[in-house]
Amino acid sequence: MRFVDQASITVRSGKGGNGCASFRRERFIPKGGPDGGDGGKGGDLVLRASGKLLTLYDLRLKKVYAAKNGQPGMGKDRYGKNAEDLVLDLPVGTQVFELNEDGGRTLVADLVLPGQTWTACQGGRGGRGNIHFKSSTNRTPRFSEPGSPGQEKQLRLELKVLADVGLLGLPNAGKSTLLAAVSAARPKVAAYPFTTLRPHLGVLQNQAGDRLVMADIPGLIEGASQGQGLGHDFLKHLERTRLLVHIQSCEDANEADPFAGFALLNEELARFDPDLARKPQVLAINKIDLLDRAGLDGLRRKARDRGLSVLFISALRGDGLHDLVAEIWRRLADTAP
């Protein structure tokens, strides 16, 4: 299934059922009083966060969602049945925007917890039957009340992945390999750029039983904040992380400035959202299995000379992963959730 993180839909609640205008007509009671029942309430349109969904793909296929109308009232004081609410499940992390007539939009709900609900449209109230309009001056009311109309809204849905840690790096930096090495996730791994076309989530657990969620975000390139490559669509998925693990492949470390890749992507983060650029980061150079001892020692020395705290790892071979995971847990402990 394709990963889809945006969708526009129309939602409608149900109309209330009409009240009934009826009179009691039984043998030996030719002129009985009013006995028209009330109409039932229309169904609400409810949005609910579900941990079983990872994409908005299904909502791209269907554009209109409408709850049912309430049943009308009937004679003999019988009330119409209330319509069931229509509950629409969305992935956890979905933001709901209501589209305005002027083309603007307003954030109306942020579904960040499994089971969290928001009523997008209230169902219409059922109309009252003529039994409610009998009075001392009008013993035979021949009218009833119509049901109230439902509501209709145009909504824009945007999914932002919820994770404690986000993996950040250029294409082919080895993020997917790292996620697979430290968690039970099995993202697609291949030696070409843009293997990851959607965020993947993995769960890490420490010896105390604590868990964290790590997200592998598709690789970013220079100009991502302006929509270049795949970055513009996925930068937003880093906004809800508490910590970034910034990975650079040793293949991208040039002789003059081996850590230029870190600065390049940090500039893109700052252009997209300054708050995102201020998130705490763990820096890691990956694929050290491709280096000889002299090359690795040279990179370590240059990091020390620049005052950079950089971890050197091989996600493929497992080198340095224990220290990286320990540093992630340590930094998270220092970061307020």
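What follows is calculated from the coordinates using simple rules that are stated; it is not laboratory data. From a predicted model like this one, the values you see are computed outputs, not experimental measurements. Ideal geometry is used to build each Cβ from the backbone, glycine not excepted, and the neighbour counts take in all protein chains shown.
Can you give me the distance in nm between label points at LYS81 and ASP275, each placed 7 Å from the Cα along the Cα-to-Cβ direction?
Here the modelled spin labels are 4.7 nm apart.
Quick check: residue separation of GLU98 and LYS31 times 0.36 nm, minus the Cα distance between them. What number comes out in nm?
18.9 nm
Kindly work out what percent of the DSSP beta bridges joining two residues of the chain are antiparallel, to the nearest 5. Mind showing how you got there, number by number?
Working: 32 of 58 bridges.
The antiparallel proportion sits near 55 percent.
Share of antiparallel DSSP beta bridges in the stretch 6-159, in percent to the nearest 5?
75
Decide, for the stretch 6-159, between rounded, prolate and oblate: order the square roots of the alpha carbon gyration tensor eigenvalues as a ≥ b ≥ c, take rounded if a/c falls under 1.5, and otherwise choose prolate if a/b is larger than b/c, else oblate. Mind showing how you got there, number by number?
Details: a/c = 4.03, a/b = 2.94, b/c = 1.37.
The shape class here is prolate.
How far is helix 321-333 tilted off the main Cα axis of the chain, in degrees rounded to 10, range 0 to 90?
Once rounded, the angle reads 50 degrees.
Under 27 Å from the Cα of LYS31, which lysines turn up, not counting those fewer than eight places away in the same chain?
LYS76, LYS134
How far is it, in nm, from the label point at ALA294 to the one at THR10 when both lie 7 Å from their Cα along the line to the Cβ?
Once both label points are built, they end up 7.1 nm from each other.
Residues with beta-carbon under 11 Å from that of ALA163, excluding ALA163: net charge, scoring Lys, Arg +1 and Asp, Glu -1?
Residues near ALA163 contribute 0 overall.
To the nearest 500 deg cm²/dmol, what mean residue ellipticity at 222 nm is calculated for the chain from DSSP H runs of n ≥ 4 alone, each contributing -39,500 (n - 2.57), summed and divided by the residues? Intermediate results must be reported in sequence, preceding the final value.
Values: 7 runs with 60 residues, N = 337.
When only DSSP H runs of four or more count, the value is -5000 deg cm²/dmol.
What is the fewest-to-most order of PHE23, PHE262, PHE143 by other Cβ atoms lying within 10 Å of their Cβ? Intermediate results must be reported in sequence, preceding the final value.
Numbers: PHE23 17, PHE262 22, PHE143 13.
Least to most surrounded, the residues fall as PHE143, PHE23, PHE262.
So which lysines pass the test for LYS302, namely a Cα distance under 25 Å, with those fewer than 8 places away in the same chain ruled out?
Within the straight-line cut-off, LYS302 pairs with LYS175, LYS279, LYS287.
Within the set LYS41/LYS63; LYS52/LYS160; LYS62/LYS160; LYS15/LYS153, which residue pairs have Cα atoms separated by over 18 Å?
LYS41/LYS63; LYS62/LYS160
Find the percent of Cα-Cα distances in the chain that exceed 34 Å, and round it to a whole number. Mind dumping the intermediate values first?
On the way: 25017 of 56616 pairs.
When all Cα pairs of the chain are counted, 44 percent exceed 34 Å.
Taking the chain as a Gaussian network, Cα atoms linked when under 10 Å apart, which of THR241, THR106, THR119 shows the biggest mean-square fluctuation?
Among THR241, THR106, THR119, the largest mean-square fluctuation in the Gaussian network model of the chain belongs to THR106.
To make sure I understand, if each residue's beta carbon is the centre and we count other beta carbons within 10 Å, what order do ASP334, ASP85, ASP323, ASP38 fall in, fewest to most?
ASP334, ASP323, ASP85, ASP38
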